[in-house]
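Input: a single structure, listed below in structure tokens.
We did not get these values from a lab; they are worked out from the coordinates using the rules stated. Note that this is a predicted model, so its numbers are computed, not measured. Note: ideal-geometry Cβ built from the backbone for every residue, glycine included; neighbour counts use all protein chains shown.
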Amino acid sequence: MAKDYYNILGVDKKASKDDIKQAFRKLAHKYHPDKANGDEAKFKEASEAYAVLSDEKKRAEYDSYGRVFGDSSQGFGGFDFSGFQGQGFQDFDFGDIFGDLGDIFGGGRAHTKRGRDISIDLEIQFRDSVFGTDRKMLVTKTSHCDTCTGTGAKKGTEFETCKTCNGNGKIHETRSSFIGTFSSVKACGACIGTGKVPKEKCGTCRGQGVLRQEEEISVSIPAGINNGEMIRLSGAGEAIQGGVPGDLYVKVHVHTDPTFRKEGDNLVMDLNVKLTDAILGSTYTISTFDGDINVKVPAGISFGELLRVRGKGVVVGKGKRGDLLIRLTIKLPQHVSRKAKKAIEELREEGI
């Protein structure tokens, strides 16, 4: 029975080439036999499916007839893994999948080492989310050594040729896999790919170039930020010798405010007005982030009406702000005196 290559890769029959490539990348990560808990049979099956579906001609034949004519890839036993460059894998970066296995399929492309990304949580007041603020935090992470500036060398010492790689900065390795024997090239671990090592190591980091320490980080909180949003600080993550630092992600937690809430660029608040003020109109003094302001409540307002105070909302740019929206609620009296009750009865008789 013909194999269902789409089902093997877990994609739809209308999947694009990028979808197919991404699906195979995921399965190769999971099943490659040279990785921990790999599965040779499933890797070969996924590779066979990718070889067919990534080639337009073969895919058309497969979609029409359920097989590829004149192709030895029908069945695990006959699949030609030695010819990856001709099996639809010419644009596939296996080095990106297998990482420390090197470029086992012969691409030879070098990958820059990168430190680990880290994340922290930061709590701010609601007012700071309206206007924005700058904060400083102490973060414990792996950073470049300040003494040697990341070189791992004692100050003033000379460098000599690395004996491990003979100054090449690379080490050639030969590995055997189910698809044959492959040569790979890896950066030398002794000199981190530079070909040179210091005669005397830095006493602070012991030649590592990095060490774990507490570092002060400054972060600018933009106005209008919402609870749970992330701020990315490029290069502020953990450092790695011979590579570039990762990134630092700051997750912002905004405290709630007892009076105000945000709706887009506007601030919204509720204002309870007395029944008589709702009928006759009045002026109320409101405390805002900009100080006290007087708000005129017009006569005859209805429950839930909005009053707009322009330019008292969230900062959206230089000299630009949203508005303050005041949602009116009418506070009904809990107890009514005889005199007030008589006046209300008279209002009812007038149809008010």
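At-a-glance table
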item	result
Burial ranking of peptide ranges 225-236, 18-29 (average Cβ count within 10 Å, highest at the top)	18-29, 225-236
Interchain or long-range residues, amide H under 5 Å from Arg261's placed H	Val268
Spatially proximal aspartates and glutamates relative to Lys163 (Cα-Cα < 18 Å; intrachain offsets below 8 disregarded)	Glu173, Glu200
Principal semi-axes in Å for region 261-349 [√(5λ), Cα gyration tensor, largest first]	33, 11, 10
Pairwise FRET efficiency - Ile293 versus His253, Cβ, R0 = 41 Å, nearest 0.05	0.90
Phi-based couplings in Hz for region 205-218 (Karplus 6.51, -1.76, 1.60; Gly and Pro marked x)	9, 6, x, 7, x, 9, 7, 7, 7, 8, 10, 7, 10, 9
Unsatisfied cross-links (Cα-Cα over 31 Å) in the set Lys58/Lys186; Lys154/Lys186; Lys251/Lys312	Lys58/Lys186
